[in-house]
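Below is one structure, written out as structure tokens, with a few remarks after it.
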Amino acid sequence: MNFLNYATKPSFTVKAKIGFPFTEKLFVMELSIATMNLMKVDAVVKKTRFYCTNKQPMSVEKKLVQNGIRDCSDGSDECVNLAGDAFADVNEMIANPIYRAIFWITAVLALGGNPFVFIATAHSLWNVDRKKNVFIITSAFILNLCFSDFLMGIYLLVVIVQGTQFSGSYCLFDRGWRSSSLCSGLGALAVVSSEASAMTMAAMTTFRLVSAFKPFTIRSVGVLRVLLAELFCWISAVVLATIPLLKVSSEYYTTDVWFPNNIFGSDFVSRENMSLLAEKITGVEPESWNDVKQTIKETFPRNPIQGEFGYYGETSVCMLRLFATTSEFAWEYSTFLITINFLMFIYMVVAYVLIYKQSNHMKGSRSNDVSSKMQTRISRLILTDFCCWIPICVMGYLSIGGIKMPPDAYGLSACLLLPINTALNPLLYSKAIEDQLVRAKKWLMEKLSILRASANRLSDLAVKYNARAGEEGDRVIEIRE
């Protein structure tokens, strides 16, 4: 008897066709066994085969998955997972919709607010009396701050636009994107923006510190000195950002490579494994990373190394490596950047506290007004810098100490704290936005006063109308009587 002929028929039909006792319970048991056997066969097949999403072909060998070669026509064999990326998933370059919204909002703020402050400051600087040396120097700092923070807006806009282009199938572009020159350039641009902004703020703090304690000395400071200080800030920021991009430093900053192959089971291969492969091929331990790349190129001419994942290619948004551990490459560089910004923040806090205390010693109503304004600016500075840089620095030091940071910590730091800090600086330092807010408040108060006056007039008219109506009513009653 062929059991499969009756497996799909009801139990009473089976009883009618067979000539020996066949209980319904026995039939269910045998059906369950057959189903379990089919499931085991399917599980074995899934362990050795990968089913293509569009079924063209139906499936490929499991060893061909994520080897850098599209064996499925839709490339689904290369879109299995993107483990370790704090932002991306298989479909989206920035998977979290909140992160995408933050990128858009911060980009609009940086690209819209900074040019406005730049134009307003330049206009004031053009019309100011040349004898007002302090105002000229402060305005020069503001202009540099606007430009540096505008660069952050460019970075954010390009990243979010690229994410829109890759939307729906990001995994197909992940390797090529993170190892591209554009991604590395955007990461360097973000570092230039943040470091130039922080250094400009430190230089501005120094200027204000000197002007508070030696007001007559600061008046003799020429604009040329300020320009030289800003030039030093920009050169330092550019050097710090571009060092990881140099070919001579690739051995220090490269962590992984994009290497299509059928050897490692993945096209995302660590630098250590590539060095071991080169050693097995030549029988000699390679002396440098360039020797490893040359050996691989000669051995696999059809599938050479397609790209290197350097300092800015760790995540899909091409941000610098904020939280490194001592077991990772280039952790010293990350520590150096965090330490520089931490020390600058401490310096600015101490300096503004001293400025505030010095301003309180000044006498006269004007000095009290200056002290009040200075206190407001100090509060803004400490609050924004503390909320942005100190959490990043603390988490960076914890990571170096061996405490693993969750992916969300990196995501919030890279897409919120760092960009917001540089995008809001001109709004805090410049009087342009403050003046506009004062004007808007004044206009709103005038409109409210007009509305109140109109409401009072209507109320008076209503009272008078009710009074007259009452009088007319009394007269009608008297006439009737």
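The values are calculated or read from the model by the stated rules, or taken from the named source; none is laboratory data. All values derive from a computational prediction rather than experimental measurement. Counting neighbours? That spans all protein chains shown, and the Cβs are built from the backbone with ideal geometry, glycine included. These accessible areas exclude ligands, DNA and RNA; they are computed on the full protein's heavy atoms, side chains included. Shrake-Rupley method; radii C 1.70, N 1.55, O 1.52, S 1.80 Å.
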Expected output for the stretch 267-292 (first residue among the β-branched types (Val, Ile, Thr), partner open to solvent by less than 20 Å² (accessible area, probe 1.4 Å), Cβ below 6 Å, 6+ apart or cross-chain) is Val269/Val257; Val269/Phe259; Val292/Met274; Val292/Ala278
**Asked** Within the stretch 183-196, is even one residue touching a residue at least 12 places away in the same chain (Cβ under 8 Å), touching a Gly at 6+ places or on another chain (Cβ under 7 Å) and open to solvent by less than 30 Å² (accessible area, probe 1.4 Å)?
**Response** yes
Residue pairs qualifying under the 6 Å Cβ cut-off, at least six apart or on distinct chains, with the first in the stretch 431-445 being in a helix (DSSP H, G or I) and the second being modelled with pLDDT of 65 or more, are Ala432/Val117; Ala432/Ala120; Ile433/Leu427
Checked against (1) open to solvent by less than 30 Å² (accessible area, probe 1.4 Å); (2) in a loop (DSSP other than H, G, I, E, B), Glu328 satisfies every condition except (1)
By residue number, the members of the stretch 265-278 that are farther than 20 Å from Trp331 by Cβ and open to solvent by 70 Å² or more (accessible area, probe 1.4 Å) are Phe268, Leu276
For the stretch 231-264, the count of residues that are assigned to a loop (DSSP other than H, G, I, E, B) and loosely packed, with under 14 Cβ neighbours inside 10 Å equals 3
Among Leu277, Leu337, the single one that is within 20 Å of the chain's Cα centre (by Cα), in a helix (DSSP H, G or I) and not polar (S, T, N, Q) is Leu337
Check your understanding: When you look at Tyr429, is it hydroxyl-bearing (Ser, Thr, Tyr) and at pLDDT 80 or above, yes or no?
Key -> no
The condition from (1) at pLDDT 80 or above; (2) part of a helix (DSSP H, G or I) that Val45 misses is numbered (1)
Is it the case, given these coordinates, that Thr138 is modelled with pLDDT of 90 or more, open to solvent by 10 Å² or more (accessible area, probe 1.4 Å) and of a type outside the set (A, V, I, L, M)? no
Across (1) at pLDDT 70 or above; (2) out of contact with any Leu (no Cβ under 8 Å at 6 or more places or on another chain); (3) open to solvent by 50 Å² or more (accessible area, probe 1.4 Å); (4) part of a helix (DSSP H, G or I), Lys404 clears everything bar (4)
>> Tell me yes or no: at least one residue of the stretch 148-156 is crowded, with 24+ Cβ neighbours inside 10 Å and over 18 Å from Ile102 (Cβ atoms).
In response: yes
Taking the conditions exactly as written (of a type in the set (Gly, Ala, Ser) and open to solvent by 30 Å² or more (accessible area, probe 1.4 Å)), does Gly113 satisfy them or not? no
Per the list (1) closer than 20 Å to Met395 by Cα; (2) assigned to a helix (DSSP H, G or I); (3) touching a residue at least 40 places away in the same chain (Cβ under 8 Å), residue check on Met348 breaks on (1)
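Results for (1) open to solvent by less than 30 Å² (accessible area, probe 1.4 Å); (2) at pLDDT 65 or above; (3) not in a loop (DSSP other than H, G, I, E, B), shown as yes or no for each residue.
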site: Asn37; (1), (2), (3): no, no, yes
site: Gln56; (1), (2), (3): no, yes, no
site: Asn67; (1), (2), (3): yes, no, no
site: Arg70; (1), (2), (3): no, yes, no
site: Ala86; (1), (2), (3): yes, yes, no
site: Val90; (1), (2), (3): no, yes, no
Within the stretch 310-321, the residues that are open to solvent by 10 Å² or more (accessible area, probe 1.4 Å) and of a type outside the set (D, E, K, R) are Gly310, Leu320
Practice item. Restrict the check to the stretch 364-386 and report whether at least one residue is more than 21 Å from Thr242 (Cα to Cα), at pLDDT below 80 and either assigned to a loop (DSSP other than H, G, I, E, B) or in contact with a Gly (Cβ under 8 Å, 6 or more places away or on another chain) (or both). Key: yes
